[in-house]
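The values are calculated or read from the model by the stated rules, or taken from the named source; none is laboratory data. Since the structure is predicted, the reported quantities are computational estimates derived from the model, not experimental observations. Methodologically, a virtual Cβ is constructed for each residue, glycine included, from the backbone with ideal geometry; neighbour enumeration extends over all protein chains shown. Accessible surface areas use protein heavy atoms only, side chains included; no ligands, DNA or RNA. Shrake-Rupley method; radii C 1.70, N 1.55, O 1.52, S 1.80 Å.
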Amino acid sequence: MDTLPGRIVRLPREVAERIAAGEVVERPASVVKELVENSLDAGARSVTVVVEGAGLRRIRVSDDGIGIPPADAPLAVERFATSKIRQAEDLGQVATYGFRGEALPSIAAVSRFDLVTRPPAQRAATRVRVVGGGPAEVSVAAGAPGTTVTVEDLFFNTPARRKFLKSPGREFALIVDAVQRLALAAPHVAFRLSHDGREVLAYPPATPDERLAQVLGRSTAAQLVPVAGPWGTVAVAGWVSRPEAARPGRGLDYLFVNGRPIQSRLLWRAVGQGCAELLPHGHHPIAVLFLTVPPGALDVNIHPRKLEVRFADEHRAFAAVAHAVRGALLGPGGIREVGEGGGPGHAAETLHPASSGAATLPPASSDLATFAPASSRPATLRPSPTTSLPDAVGETGGAYAQGAAVP
Ligand SMILES: Nc1ncnc2c1ncn2[C@@H]1O[C@H](COP(=O)(O)OP(=O)(O)OP(=O)(O)O)[C@@H](O)[C@H]1O
Ligand SMILES: [Mg+2]
């Protein structure tokens, strides 16, 4: 009867899991992003990513975080099981990268999955293995404190997904980008990444400025000026390139909201507006910007891979970025000095070049006069050492995003 055309039937669990997994795990870089985010949520001070075969043969992420208690370990691969929220209302106050309890079961549905985890207070580790979304095998194992997840043969049971991947070189570049974005969001954490036995990245724990130089390279970092400023309830910190460092063609954006790397055409347009008429024609900036907004003014649950967020007040977010970027470019260290003191008040007066863009900004709030000096920036960039997200902010281009060419 179930096979008659037109009848509605429940899909077998494994089929449903595979479909759901398709939304979360698009490519190897999605796996790396989810696993590293889990490590950061677990308070790791050090995260090591080992990749083989562009992530299709093996991805291993090891951390020295809080681990998972033995009794909870099997739940880690169960859909909608999470230690990060407890009730629907918590979604309005999410302070961790994770909140859905979907990443590990999704990854485990499309790979050969192995997790070894040990809270520092436990003497032994717990191992959880899942093959292609099948039943979890749980055992006691040896293991250092922290968590190591190994994902092999990604998409072995979803050949269609495998077929649509890009070249190994491109897929690995996307992995590098994912790691770099999270490394910018968590400068106090050490990161290592290797590919086929070759070390690709090694970032020791750093200040935000040092991490910027580690990720972008010292010479590029030296071409950026600090951005800082509150706009009402939105704080913006980070860096933008001086006009002479603007890039022909695509720009490069690393955008973060409340510590979460995101893609955002809205914010990238705001960067473009902040730079309006200050860049050579056809050039785009490099921007590394961290927005901090009240958690209740942000919906983080709108994108299957958590790459986008929705602002309760888009105009405010836009204005904050446009003003902060423009203030940085017109202020000390930017294009020219802005009057005596170069303070924000002056910057506000210079926000009205002939450009049509600036005219569409909302009226400057009195907050503009309280622009924080660049030196206050690191305070908003330092995540707490516990399981919460960095207070500061992040990105939107390259691996995660296609938004980089927006303006
Ligand atoms: N590296 C880790 N260290 C400690 N605990 C972890 C680690 N990775 C996962 N966990 C635990 O396993 C649970 C499930 O992880 P999973 O990534 O599937 O969901 P999540 O992070 O809660 O939400 P999301 O699906 O949004 O990522 C987490 O809530 C956390 O308790
Ligand atoms: Mg997670």
**OP:** Considering each of Leu255, Leu267 in turn, give the residue that is within 26 Å of Glu210 (Cβ to Cβ), part of a helix (DSSP H, G or I), open to solvent by less than 40 Å² (accessible area, probe 1.4 Å) and not polar (S, T, N, Q).
**Re:** Leu267
Original post:
What number of residues within region 117-140 are open to solvent by 20 Å² or more (accessible area, probe 1.4 Å) and among the hydrophobic types (A, V, I, L, M, F, W, C)?
Top reply: 6
**OP:** Could you tell me whether any residue of region 68-75 is buried (at least 17 other Cβ atoms within 10 Å of the Cβ), near ligand 1 (Cβ under 7 Å from one of its atoms) and touching a residue at least 60 places away in the same chain (Cβ under 8 Å)?
**Re:** yes
Original post:
For region 308-322, what are the residues that are more than 14 Å from Arg269 (Cβ to Cβ) and part of a helix (DSSP H, G or I)?
Top reply: Arg316
Original post:
Only one of Ser62, Ser39, Ser46, Ser111 is farther than 30 Å from Thr292 by Cα and touching a strand residue (DSSP E or B) at 6+ places or on another chain (Cβ under 6 Å); which?
Top reply: Ser111
**OP:** State which residue is most open to solvent (accessible area, probe 1.4 Å) when the search covers only region 81-95 and only residues that are more than 7 Å from ligand 1 (Cβ to nearest atom) and within 24 Å of Leu182 (Cα to Cα).
**Re:** Gln93
Subject >> All positions within region 80-95 that are within 12 Å of ligand 2 (Cβ to nearest atom) and either in contact with a Pro (Cβ under 7 Å, 6 or more places away or on another chain) or not in a loop (DSSP other than H, G, I, E, B) (or both) >> reply: Val94
Original post:
Of the residues that make up region 64-72, is at least one within 16 Å of ligand 2 (Cβ to nearest atom) and more than 22 Å from the chain's Cα centre (by Cα)?
Top reply: yes
**OP:** Tell me, yes or no, whether region 251-264 has at least one residue that is within 22 Å of Ala178 (Cβ to Cβ) and without any contact (Cβ under 8 Å) to a residue 40 or more places away in the chain.
**Re:** no
**OP:** Please report, ordered by residue number, the strands (runs of 3 or more DSSP E) entirely within region 96-174 with at least 3 residues that are under 21 Å from His195 (Cβ atoms) and more than 10 Å from ligand 1 (Cβ to nearest atom).
**Re:** 112-118, 146-152
Subject >> Total residues in region 196-217, condition part of a strand (DSSP E or B), open to solvent by less than 70 Å² (accessible area, probe 1.4 Å) and not hydroxyl-bearing (Ser, Thr, Tyr) >> reply: 3
**OP:** Select from region 36-48 the residues that are part of a strand (DSSP E or B) and within 15 Å of ligand 2 (Cβ to nearest atom) and list them in ascending order.
**Re:** Val47
**OP:** Determine the pairs where a residue that is farther than 18 Å from Leu298 by Cα, located within region 81-92, has a partner that is open to solvent by less than 50 Å² (accessible area, probe 1.4 Å) and within 15 Å of ligand 2 (Cβ to nearest atom) with Cβ atoms under 6 Å apart, the partner being 6 or more residues away or on another chain.
**Re:** Ala81/Gly101; Thr82/Gly101
**OP:** Quickly run through region 143-161 and pick out the residues that are under 23 Å from Val15 (Cα atoms) and of a type in the set (Gly, Ala, Ser).
**Re:** Ala160
Subject >> Selection within region 238-252 - among the hydrophobic types (A, V, I, L, M, F, W, C) and either modelled with pLDDT of 95 or more or open to solvent by 20 Å² or more (accessible area, probe 1.4 Å) (or both) >> reply: Trp239, Val240, Leu252
Subject >> Subset of region 175-195 that is touching a Ser or Thr at 6+ places or on another chain (Cβ under 9 Å) and more than 14 Å from Pro261 (Cα to Cα) - its residue that is most open to solvent (accessible area, probe 1.4 Å) >> reply: Arg192
Subject >> Test: Ala108 is within 20 Å of Ala160 (Cβ to Cβ) and either within 14 Å of ligand 2 (Cβ to nearest atom) or surrounded by 19 or more Cβ atoms within 10 Å (Cβ to Cβ) (or both) >> reply: yes
**OP:** Have a look at Arg118, Arg79, Arg86 and point out the one that is out of contact with any Phe, Trp or Tyr (no Cβ under 6 Å at 6 or more places or on another chain) and either among the aliphatic types (A, V, I, L, M) or at pLDDT 95 or above (or both).
**Re:** Arg118
Subject >> Within region 270-296, considering residues that are open to solvent by 30 Å² or more (accessible area, probe 1.4 Å) and in a helix (DSSP H, G or I), the one modelled with the highest pLDDT >> reply: Gln273
Original post:
Which of the residues belonging to region 218-236 are in contact with an Asp or Glu (Cβ under 9 Å, 6 or more places away or on another chain) and in a loop (DSSP other than H, G, I, E, B)?
Top reply: Gln223, Gly232, Thr233
Original post:
Given Val32, Val61, Val36, Val25, which one is in contact (Cβ under 8 Å) with a residue 24 or more places away in the chain, near ligand 1 (Cβ under 8 Å from one of its atoms) and either open to solvent by less than 10 Å² (accessible area, probe 1.4 Å) or on the phi > 0 side of the Ramachandran plot (or both)?
Top reply: Val61
